[in-house]
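Undergrad: My structure is below; once you've seen it, I'll send some questions.
The values are calculated or read from the model by the stated rules, or taken from the named source; none is laboratory data. Because the structure is a prediction, the values reported are computed rather than measured. With ideal geometry, Cβ positions are generated from the backbone for all residues, glycine too; neighbour counts draw on all protein chains shown. Heavy atoms of the whole protein, side chains included, go into the accessibility calculation; ligands, DNA and RNA do not. Shrake-Rupley method; radii C 1.70, N 1.55, O 1.52, S 1.80 Å.
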Amino acid sequence: MRYIANTEVDRRAMLGAVGVSSLEELFNDIPKKVRDRYRPIGLPERSELETVRKVQKLAHFNAVWEQYTSFLGGGVYDHYIPRVVSYVTSRSEFSTAYTPYQPEMSQGTLTAMFEFQTLLCELTGMDVANSSMYDGATALAEAVLMAERIAKTDKVAVCRSLFPHYRQVLDTYCQAGGIEIVEVPYDHAGCYNADSLPTKISALVVQSPNTFGIIEEMNGLKERLGAALLIVAVNPISLGLIAPPGKAGADIVVGEGQPLGLSPSFGGPFLGLFACRKQYLRSMPGRIIGRTVDAQGEIAYTMTSQTREQHIRRGRATSNICTNSTLCALAAAVYLAGLGGHGLQELALLNLEKAHYLAERIGSLPGYSLAFSGPFFNEFVISIPGDPQSVCRQLARDKILVNNPSSLSELGVKQALSFAVTEQRTKEELDSLVNVLRDIT
Amino acid sequence: MKTIFDAKGKREGKVLPALDVPQQGLEKLIPHSLRRSRKPRIPALSEPELVRHYTRLSKLNYGVDDGLYPLGSCTMKYNPKVNEDLAQLPAFAGAHPLADEQLVQGSLALLHEASRFLCNIAGLSDITLQPAAGAHGELTGMFLFNRYFRERGESKRKRMLLPDSAHGTNPASATISGFSITQIPSGEDGMVDLVALRETLDETVAGIMLTVPNTLGIFEERILEITQMVHAAGGLCYFDGANLNAFLGRARPGDMGADAFHFNLHKTLSTPHGGGGPGSGPLAVSQCLVDFLPVPRITKDENGYHLDRNFPRSIGCMHSFYGNFGVILKAYAYILLLGDDGLHAVSDNAVLNANYLQERLKKTYRLPYDRLCKHEFVLSGEKLGRGITTFDIAKRLIDYGFYPPTVYFPLIVHEALMIEPTECEGKETLDRFIGVMEKIALEAKENPELLRAAPQHAPVQRLDQTRAARHPILTYPFDELPE
């Protein structure tokens with residue numbers, strides 16, 4: 001087997017040193033009954049070439065994405081990824097390292113994660129960030145568990161305009177943890193309607209831009225919450241233009257980091273963003289990197305606040321998370337440092353302008369109009385005259401991909417389609433979508 | 001430039017495409033109150049600066065490609081390069097998770113077949129690929145246990161049994177899921193004490209979480225008795241799969257009585273760990289838990305593969321989408337590369353390497369549990385004399401260019417050094433490691449300062465952890481004056 005260095009001669013010598021006569025004997029401590037029941041999968045050993053062919057054959061059953069124009073969004077966006085991102089993440093000193101338990105041999109990962117935490121705090125306006133969670137949905141679920149620990153109330157208010165996949169994961173975690181979810185409705189603008197906020201909640205969860213693409217107004221919201229925490233889910237690209245949630249008093253900010261240089265990859269691996277106020281540091285989940293000095297007084301980085309974590313605190317840890325998404329966080333840091341603050345702003349602006357151009361063009365078609373009046377970023381909902389599922393299918397025939405309308409419909413938005421627009425969509429592609437829609441009608 | 005934030009000033013150059021639609025202007029599109037007033041302080045680096053910065057950082061790191069990485073319980077094996085390319089195939093990397101099912105039949109077929117392989121390796125009925133890491137698999141398993149007992153009207157079963165050698169994630173996962181922990185002591189032989197187990201089993205027990213082999217690297221020889229006892233008491237058996245490398249291709253958790261078993265694809269099945277993640281922790285389950293598995297599940301009928309949400313007894317969703325597809329793909333390719341013979345060659349060589357190291361090193365270091373081990377074993381760094389600790393030994397190993405073993409775990413061994421060589425290391429490397437470990441033991445007696453001052457040949461020396469904890473600096477101090 002080509003990933004094994006031992007030769008037959010080595011193995012004989014080693015068996016001799018151990019004092020057993022065969023490899024089988026090394027497994028005698030496993031009950032014979034168990035070993036006898038073993039059944040192989042029925043797979044031959046394959047050469048690299050044969051393996052590549054077999055996997056490529058499966059790849060051929062997927063669409064050839066280059067032939068499609070994508071307006072898919074819902075938390076996963078079709079942004080351009082500069083080549084330098086994969087150059088860095090494919091350096092095996094980063095990719096084949098473990099969790100940085102020995103800081104003296106892990107300064108690369110540790111420095112990069114310290115930078116990542118700083119970038120995330122800059123974007124969100126928060127004081128501290130961890131070095132990643134699994135994905136946006138699990139980051140939100142952990143935020144809600146954290147708020148419950150802090151506020152000691154097992155009820156949480158959640159805006160209905162949350163991504164459905166965030167909500168589904170949150171439902172699972174809350175059900176297991178005995179946390180009740182109270183829904184906050186949205187209004188005609190697509191914004192949350194906080195007129196009747198429930199009392200005795202641990203937190204309010206707001207997403208901005210929300211699942212309809214609408215940017216939420218959060219000024220003054222925190223003041224109305226009393227002891228409850230404000231948890232805000234964000235799209236990191238939008239923060240190039242939108243006020244950081246920290247400014248509106250958010251206590252915890254979470255989000256999906258996929259837009260920051262990660263390919264869609266059928267939903268993973270992604271990057272859970274997690275940042276909060278300094279006062280909640282001890283309650284935070286996840287791994288945190290801090291700056292210190294070494295024996296010679298040189299600046300160096302290390303995992304810190306580990307007494308929160310499972311390997312120290314065990315059953316009383318703030319979370320069970322161990323493995324996270326460090327390499328994805330590295331990608332995000334490289335992506336952001338390649339853009340710079342100004343570049344991020346420009347990128348967000350490109351998304352914003354193109355999305356509004358498309359929205360206005362579609363909105364001018366007879367029977368089509370924006371479903372909500374609130375301000376939006378790079379995704380929007382359009383009320384349409386026909387059956388959305390059938391429009392969706394017709395668009396697909398023209399190799400145009402749009403979000404499945406069923407998730408809108410489940411949120412009570414009938415007869416509508418949503419579109420996400422990134423810097424990758426050209427005017428020609430936008431105009432062509434409008435023309436196809438016109439022909440369908 | 002020490003960090004990216006040390007780069008001052010604005011770099012020029014065209015990073016983004018020009019706006020090709022009529023400009024409306026930010027002022028018109030987003031109300032002032034919603035806008036950002038200050039640009040985020042993100043430096044813009046030129047591409048050569050960016051590449052040099054991260055290339056320099058990478059050289060301060062140590063990965064499996066640099067050399068031996070004997071971190072116990074972490075299975076730091078070689079990651080085949082071809083798998084990285086396969087994960088980047090545009091058809092897979094470009095697949096949006098919300099694209100129509102018909103456009104992602106290849107991705108679904110891959111997940112479906114990977115599920116079949118993994119169920120087979122686990123010897124269990126069905127699987128969810130959603131968990132993004134081992135601990136996430138544990139959490140999923142605990143949620144399933146919870147639901148199982150609730151549906152049976154046995155909600156009073158709230159106690160989870162854990163051997164004292166368990167990974168920290170086990171009690172954390174159980175507690176989050178609403179279980180209380182009862183610790184089971186290990187016997188003299190390092191295995192679960194059956195008498196203590198029997199005494200604690202009653203109608204309040206939900207189950208047991210076992211690591212097989214345990215974190216001492218010892219296979220629970222009475223595993224069938226343990227699972228039978230727990231089952232007879234009405235409980236369920238959870239197996240932590242961190243140590244699957246010990247019996248891959250030779251035995252199956254399902255045949256040992258597991259009801260749920262999580263894989264760590266980033267350990268056993270060779271996907272790179274990325275300096276902390278991403279990983280993947282698929283959870284395989286026995287028949288009694290299948291109905292509760294997370295949705296969507298990947299099903300197949302005459303029209304192809306489907307993301308099926310129609311399982312009313314499901315616990316719901318555990319992940320934004322379907323799990324870490326890009327990681328699962330690499331593990332799938334690894335299984336294809338190895339085939340059945342390769343799978344058991346993994347455990348054969350992993351166990352042989354560990355036993356060889358154990359046999360040779362026990363002459364110099366104390367071996368608290370002296371018996372056949374599986375893929376890893378635990379030494380104690382105590383009694384080297386002159387106040388030398390395991391911590392010192394680990395730091396001195398760095399000077400010799402090896403990543404140190406896992407230290408101070410499991411908790412039941414004083415001054416633990418947990419060593420897992422994996423199947424990938426050859427005898428030559430192991431002999432070199434043995435030589436260094438012997439030399440360090442000698443240094444501890446003759447020149448202990450060498451150990452206490454170690455590492456001297458690393459990018460940095462020992463870190464001031466107290467300062468890191470007492471005066472946390474968790475982001476770049478922008479306001480700090482340059483030194």
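Undergrad: Any number yet on Rg/Rh for region B:4-59, C-alpha, Kirkwood?
TA: That ratio is 1.11, to two decimals.
Undergrad: What residue among B:LEU463, B:SER58, B:VAL413 has its Cα farthest toward the positive end of the dipole of the protein assembly as shown, where the charges are +1 on Lys, Arg and -1 on Asp, Glu, each on the Cβ?
TA: My answer, from the dipole projection, is B:LEU463.
Undergrad: Right, something else. So what are the ³J(HN,Hα) numbers for region B:378-386, from phi and the Karplus equation (6.51, -1.76, 1.60; θ = phi - 60°), rounded to whole Hz, Gly and Pro as x?
TA: Rounded to whole hertz, the list is 10, 9, 10, x, 7, 6, 6, x, 6.
Undergrad: Let me check I have the definition right: for the protein assembly as shown, take the eigenvalues of the Cα gyration tensor, multiply each by 5, take square roots. What are those semi-axes in whole Å, largest first?
TA: In descending order the semi-axes read 45, 31, 27 Å.
Undergrad: Related question: Could you quote the convex hull projected area for region A:275-337, Cα atoms only and averaged over all directions, in nm²? Display every interim value, and only then the final one.
TA: Values: hull surface 23.0 nm².
Spelled out: convex hull of the Cα atoms, projected over all directions, averaged, 5.7 nm².
Undergrad: Then there's this: Taking Cα pairs under 8 Å and at least six residues apart, what relative contact order does chain B come out at, in percent? Display every interim value, and only then the final one.
TA: Values: 828 pairs, mean separation 86.6, N = 483.
Normalised by residue count, the contact order of chain B is 18 percent.
Undergrad: Could I ask something else about it? Excluding ligands and nucleic acids, what accessible area in Å² is computed for A:ARG37 using a 1.4 Å probe, to the nearest 10?
TA: 90 Å²
Undergrad: Highest mean first, how do A:168-181, B:441-454, B:260-273 rank when packing is the count of other Cβ atoms within 10 Å averaged over residues?
TA: B:260-273, A:168-181, B:441-454
Undergrad: Further, regarding this structure: P(r) tail for region B:269-330, what percent of Cα pairs lie past 14 Å? If you can, show how the numbers build up before the last one.
TA: Values: 1237 of 1891 pairs.
When all Cα pairs of region B:269-330 are counted, 65 percent exceed 14 Å.
Undergrad: Lysine pairs, Cα distance under 21 Å, 8 or more residues apart or cross-chain: how many in region B:345-468?
TA: 18
Undergrad: Using only Cα atoms, what Kirkwood radius does region A:221-343 have, in angstroms?
TA: Over region A:221-343, the inverse of the mean reciprocal pair distance is 16.6 Å.
Undergrad: Over region B:345-468, what is the relative contact order in percent, taking alpha-carbon pairs closer than 8 angstrom and at least six residues apart?
TA: Computed value for region B:345-468: 29 percent relative contact order.
Undergrad: Tabulate in residue order the Karplus-calculated ³J(HN,Hα) for region A:250-264, using 6.51 cos²θ - 1.76 cosθ + 1.60 with θ = phi - 60°, rounded to whole Hz; enter x for Gly and Pro.
TA: Residue by residue, region A:250-264 yields 4, 9, 9, 10, 10, x, 9, x, 3, x, 8, x, 10, 6, x Hz.
Undergrad: What whole-number value in Å² describes the accessible area per residue of the protein assembly as shown for a 1.4 Å probe?
TA: Per-residue value: 34 Å².
Undergrad: What area, in nm² and to one decimal, does the C-alpha convex hull of region B:85-237 cast on average over all directions?
TA: Result: a mean projected hull area of 11.3 nm².
Undergrad: What is the average number of partner chain Cβ atoms found within 10 Å of a Cβ in A:4-14? Walk me through the intermediate numbers first.
TA: Details: counts 14, 11, 14, 3, 0, 1, 9, 6, 0, 2, 10.
Average neighbour count from other chains, rounded to a whole number: 6.
Undergrad: Please provide three numbers in whole Å: the alpha-carbon extents of chain A along the principal axes, with the largest listed first.
TA: Rounded to whole Å, the extents work out to 84, 52, 48 Å.
Undergrad: Same structure, new question: In region B:345-468, what is the volume of the convex hull around the alpha carbon atoms, normalised per residue and reported in Å³?
TA: 116 Å³
Undergrad: Could I ask something else about it? Which value, in debye to the nearest 20, gives the size of the charge dipole of region A:83-334 about its Cα centre, when Lys and Arg are +1 and Asp and Glu are -1 at the Cβ?
TA: Roughly 480 debye, rounded to the nearest 20.
Undergrad: Order of B:14-25, B:30-41, A:337-348 by packing, highest average Cβ count within 10 Å first?
TA: Working: B:14-25: 12.4, B:30-41: 14.7, A:337-348: 22.6.
Descending packing order for the listed peptides: A:337-348, B:30-41, B:14-25.
Undergrad: Check which residues have an amide H placed less than 5 Å from A:GLU180's amide H, if you skip close sequence neighbours.
TA: Those qualifying (amide H under 5 Å, at least 5 residues apart or on another chain) are A:LYS155, A:VAL156.
Undergrad: Still on this structure, please answer the following. Once the cut-off is 32 Å, how many percent of the Cα-Cα pairs in chain B end up in the long-distance tail?
TA: Roughly 51 percent, rounded to a whole number.
Undergrad: If a helix is a whole DSSP H run, which ones in chain A reach 27 Å or further along their own axis (Cα) and hold a mean Kyte-Doolittle hydropathy of at least -0.5? Working shown, then result.
TA: Numbers: long enough: A:326-363 (42 Å, 0.68).
Helices meeting the criterion: A:326-363.
Undergrad: Here's something else I'd like to know. Would you mind telling me the share, in percent, of accessible area of the protein assembly as shown contributed by carbon and sulfur at probe 1.4 angstrom?
TA: On the way: 15430 of 31110 Å².
Here carbon and sulfur together make up 50 percent of the probe-accessible area.
Undergrad: Here is a further query. Once you wrap a convex hull around the alpha carbon atoms of region A:83-334, what is its projected area averaged over all directions, in nm²?
TA: 13.9 nm²
Undergrad: Could you work out the relative contact order of chain A? I mean the mean sequence separation of Cα pairs under 8 Å and 6+ apart, divided by the number of residues, in percent.
TA: In percent, rounded to a whole number, it is 20.
Undergrad: Name the residue from B:PRO131, A:VAL158, A:SER22 whose Cα lies farthest towards the positive end of the charge dipole of the protein assembly as shown, charges +1 on Cβ of Lys and Arg and -1 on Cβ of Asp and Glu.
TA: Towards the positive end, the residue furthest out is A:VAL158.
Undergrad: Checking an interface number: how much accessible area is buried between B and A, summed over both chains, with a 1.4 Å probe, in Å² rounded to 100? List each step's numbers first, then the result.
TA: Working: alone 24610 and 22900 Å², together 31110 Å².
When B and A are taken together, about 16400 Å² of accessible area is lost.
Undergrad: Where does the Debye-calculated log10 I(q)/I(0) of region B:37-142 sit at q = 0.19 Å⁻¹, using only Cα point scatterers of equal weight, no solvent?
TA: So the normalised log intensities are -1.21.
Undergrad: How would you rank A:105-114, B:376-385, highest first, on the average number of other Cβ atoms within 10 Å across their residues?
TA: In descending order of packing, they fall as A:105-114, B:376-385.
Undergrad: Mean residue ellipticity at 222 nm from the helices of chain A, using -39,500 (n - 2.57) per DSSP H segment of n ≥ 4 over the full residue count, to the nearest 500 deg cm²/dmol?
TA: -11500 deg cm²/dmol
Undergrad: Still on this structure, I have one more. Which of the helices in chain B, when you take each full DSSP H run, stretch at least 20 Å along the axis at their Cα atoms and have an average Kyte-Doolittle score of 0.0 or higher?
TA: Helices meeting the criterion: B:105-122, B:325-361.
Undergrad: In addition: Could you work out, residue by residue across A:327-340, how many beta carbons of other chains sit within 10 Å of that residue's beta carbon, and then give the average as an integer?
TA: Rounded to a whole number, the mean comes out at 6.
Undergrad: Here's a follow-up. Ranked by accessible surface with a 1.4 Å probe, highest first, in what order do B:VAL51, A:VAL232 come?
TA: Numbers: B:VAL51 40, A:VAL232 0 Å².
Output order, biggest surface exposure first: B:VAL51, A:VAL232.
Undergrad: Another question about this same structure. Taking θ = phi - 60°, what integer Hz values does the Karplus form 6.51 cos²θ - 1.76 cosθ + 1.60 yield along region A:409-414, in sequence order, with x for Gly and Pro?
TA: 4, 5, 8, x, 9, 8
Undergrad: Would you mind working out the magnitude of the charge dipole of region B:367-406 relative to its Cα centre, with +1 at each Lys and Arg C-beta and -1 at each Asp and Glu C-beta, to the nearest 20 Debye?
TA: My answer is approximately 40 debye.
Undergrad: Report the far tail of the P(r) of region B:82-337, meaning the percent of Cα-Cα pairs longer than 27 Å.
TA: Roughly 34 percent, once rounded to a whole number.
Undergrad: Sort A:LYS200, B:LYS2 by accessible area with a 1.4 Å probe, largest first.
TA: A:LYS200, B:LYS2
Undergrad: How large is the Kirkwood hydrodynamic radius of region B:247-290, counting all unique pairs of alpha carbons, in Å?
TA: 11.7 Å
Undergrad: Return the lysines within reach of A:LYS155: Cα separation strictly under 21 angstrom, same-chain partners fewer than 8 residues apart disregarded; answer none if there are no such residues.
TA: A:LYS155 reaches A:LYS200, A:LYS222.
Undergrad: Using only the heavy atoms of the protein chains and a 1.4 Å probe, how would B:SER286, A:SER90 rank by accessible area, largest first? Display every interim value, and only then the final one.
TA: Numbers: B:SER286 20, A:SER90 80 Å².
Sorted descending by solvent-accessible area, the residues read A:SER90, B:SER286.
Undergrad: Further question on the same structure: With +1 on each Lys and Arg Cβ and -1 on each Asp and Glu Cβ, and nothing else charged, work out how big the dipole of region B:82-337 is about its Cα centre, in Debye to the nearest 20.
TA: For this selection, approximately 380 debye.
Undergrad: Report the Cα centroid-to-centroid distance between region B:428-483 and region A:141-176 in angstrom, as an integer.
TA: The distance from the Cα centre of region B:428-483 to that of region A:141-176 comes to 41 Å.
Undergrad: With n ≥ 4 as the cut-off for DSSP H runs, can you work out [θ] at 222 nm for chain B, using -39500 (n - 2.57) per run divided by the number of residues, rounded to the nearest 500?
TA: -11000 deg cm²/dmol
Undergrad: On to the next question. Within 10 Å of each Cβ of A:372-384, how many other protein chain Cβ atoms are there on average?
TA: Partner-chain Cβ atoms within 10 Å, mean over residues of A:372-384: 1.
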